[in-house]
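S.K.: One structure, pasted below without further comment.
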Amino acid sequence: MNAVDRIAVCETPLDVAGEYAALQGSSGDGACALFVGSVRDFNAGRDVCGLALEHYPGMTEKSLQGIIVDARSRWPLGRVAIVHRVGPMQINDEIVFIGVTSPHRQAAFAACQYMMDRLKTEAPFWKRETVSDQSGNTSQRWIEARASDAEEMDKWSAG
Amino acid sequence: MVKVLFFARLRQQLGRGEMTLADFSGSLGDLRETLCEQHPDWRAHLQREDIRMAVNQALADTGERVQAGDEVAFFPPVTGG
């Protein structure tokens, strides 16, 4: 792994401020782009109470490393961080942090989006939601992959 | 011995997350067929078109060679992020 890459899969809350500080602090780059994904309170027409994330230890880290390597081949990047939480989570908890630094803002924006699109379609994570109905009864369901995520990824191949 | 892993929805459908196959050598497609023959009720789940497969933690297709010491995984489309 590149000395300035950070890859982490954790069961504890994400420290977004700390991740940003570590990413930007000593890079010397003028641009830093971040994406933070959080647990939202609705999905596919249902109220969501929380979710749990499962992953494939070992393959997950390899997959994320491959994504970073490919991003570095496309854009001039300084520091790169991908941090993903697994296990049980509540509404508004941060799930994923992706951050990149670069001499140029266009590269930073593009690389951040590219890595997120790759992660959504390749990295072995799976979400299981807890949803409630109008009577307040709760149940659990695995989230299905969305065609729109694959379409976003396809744009990078076309480009 | 080949280690076989199942994740997420598939793990729940099959009722287990891990198993081993002794003395297996062949293609990944052969391995899947072996599992379906041993567990006929798994066939509908393991042979779904959207099920992904990995050998030694890299995505693979049915033609991939599998041999003793390998780790094979089956899982549904990913939904992280």
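S.K.: Can you name the residue in segment A:1-31 that is within 20 Å of A:GLY58 (Cα to Cα) and not in a loop (DSSP other than H, G, I, E, B) and, of all such residues, is farthest from the chain's Cα centre (by Cα)?
M.R.: Across segment A:1-31, the extreme among qualifying residues is A:ASP5.
S.K.: Can you report the number of residues in segment B:59-81 which are more than 7 Å from every other protein chain (Cβ to nearest Cβ), of a type in the set (Gly, Ala, Ser) and at negative phi?
M.R.: 3
S.K.: May I pose another question? Return the residue satisfying two criteria in turn: it lies in segment B:1-23 and is outside any helix (DSSP H, G or I) and buried (at least 18 other Cβ atoms within 10 Å of the Cβ), and of such residues it is farthest from the other protein chains (Cβ to nearest Cβ).
M.R.: Filtering first and then ranking leaves B:LEU21.
S.K.: Any residue at all in segment A:70-91 that is buried (at least 19 other Cβ atoms within 10 Å of the Cβ), within 14 Å of another protein chain (Cβ to nearest Cβ), out of contact with any helix residue (DSSP H, G or I) (no Cβ under 9 Å at 6 or more places or on another chain) and more than 30 Å from A:GLN134 (Cα to Cα)?
M.R.: no
S.K.: Oh, and also: For segment A:121-136, name all the residues that are in contact with a strand residue (DSSP E or B) (Cβ under 6 Å, 6 or more places away or on another chain) and more than 7 Å from chain B (Cβ to nearest Cβ).
M.R.: Passing the criteria: A:ARG128, A:GLU129, A:THR130, A:VAL131, A:SER132.
S.K.: Follow-up question, since we're still on this one. Only one of these conditions is not met by A:TRP156: (1) among the aromatic types (Phe, Trp, Tyr); (2) buried (at least 20 other Cβ atoms within 10 Å of the Cβ); (3) within 30 Å of A:ALA31 (Cβ to Cβ). Which number is it?
M.R.: Just one mismatch for A:TRP156, condition (2).
S.K.: Just give me the residues in segment B:12-29 being under 13 Å from the mean Cα position of the chain (by Cα) and free of Cβ contacts under 8 Å to residues at least 24 places away in the same chain, in sequence order.
M.R.: Within segment B:12-29, B:ARG16, B:GLY17, B:GLU18, B:MET19, B:THR20, B:LEU21 qualify.
S.K.: Just to be sure, is A:ARG118 open to solvent by 10 Å² or more (accessible area, probe 1.4 Å), at the interface with another protein chain (Cβ under 10 Å from one of its Cβ atoms) and modelled with pLDDT of 95 or more?
M.R.: Criteria met by A:ARG118.
The values are calculated or read from the model by the stated rules, or taken from the named source; none is laboratory data. The model shown is predicted, which means the values in this text are computed figures rather than measured ones. Virtual Cβ from ideal backbone geometry, glycine too; neighbours counted across all protein chains shown. Areas reflect the complete protein model, heavy atoms only, side chains present, ligands, DNA and RNA absent. Shrake-Rupley method; radii C 1.70, N 1.55, O 1.52, S 1.80 Å.
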